[in-house]
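Structure, as structure tokens:
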Amino acid sequence: MARVYISIGSNIERAPNIRAAVQALRERFGALTLSSVYESRPIGFEGENFYNLVAAFDTDESPEAITAILHDIEWLRGRQRGPTRFSSRSIDLDLLLYGDLIREQEELRLPRREVDEYACVLRPLAELAPEARHPRSGETFAALWMRFEKSAQPLTPVALKFPA
């Protein structure tokens, strides 16, 4: 079994889409551990603010199977994938980590580079797994978050509750 971490984000009908994605992940993968939810400005484009969090679970599914399931959930929540990487979205689900697997492929890079680049990914990940280590650097996620330049990407905690 691999410990898997998924980022969840939305800036269109944020609360309902986030709740629906968490429910879909629970239905497919079982028990989830969830970080707090944070609000952040969009990166790379102008638009409404995002809600973001990270979910963790254990699975025997392959990284490719998980990614396909995430894309299916996105599609069911109205996600339109297009040529523009940075745009508003109803739901964005990304496989961040699959155990300590390192993979360098165009269609699936693990760990996902957003772990190191975006506060809205690193902070919730450091919250869920502070002592876990980044597969590339070997540093703990807590240490990576402590060094992160937070002022460039401010986050605000959001009181968003999820049904059990």
Item checked: Packing rank of 134-147, 12-25, where each peptide gets the mean count of other beta carbons within 10 Å, highest leading -> 12-25, 134-147
Next item on the list: Would you please state the base-10 log of I(q)/I(0) at q = 0.08, 0.19 1/Å for the chain, with intensities from the Debye formula using one equal scatterer on every alpha carbon?
Entry: -0.21, -1.35
Item checked: the chain, dipole about Cα centre (Lys/Arg Cβ +1, Asp/Glu Cβ -1), debye to the nearest 20 -> 340
Item checked: segment 102-159 - Rg over Rh from alpha carbon coordinates, Kirkwood radius -> 0.99
Next item on the list: Could I get the Rg over Rh figure for segment 35-125? Both from C-alpha atoms, Rh via Kirkwood, rounded to two places.
Entry: 0.94
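Taking R0 as 35 Å, what's the FRET efficiency between Lys161 and Glu131 from their Cβ-Cβ distance, rounded to 0.05?
Working from the Cβ atoms, E equals 0.85.
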Margin query: If you build the convex hull over the alpha carbons only and average its shadow over all orientations, what do you get for segment 9-71? Give it in nm² to one decimal.
Written below: 4.8
Note to self: Please identify the DSSP H helices in the chain that span no less than 15 Å along the helix axis (Cα) and have a mean Kyte-Doolittle hydropathy of 0.0 or more.
What the structure shows: 63-76
Notebook entry, point to check: Just by accessible area at a 1.4 angstrom probe, what is the order of Phe148, Phe57 from largest to smallest?
Noted result: Phe148, Phe57
Check: How much accessible surface area, in Å² rounded to 10, belongs to the heavy atoms of Val115 with a 1.4 Å probe?
Finding: 0
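The values are calculated or read from the model by the stated rules, or taken from the named source; none is laboratory data. Everything quoted here is computed from the prediction, not taken from an experiment. Methodologically, a virtual Cβ is constructed for each residue, glycine included, from the backbone with ideal geometry; neighbour enumeration extends over all protein chains shown. Surface accessibility is based on the protein's heavy atoms, side chains included, excluding ligands, DNA and RNA. Shrake-Rupley method; radii C 1.70, N 1.55, O 1.52, S 1.80 Å.
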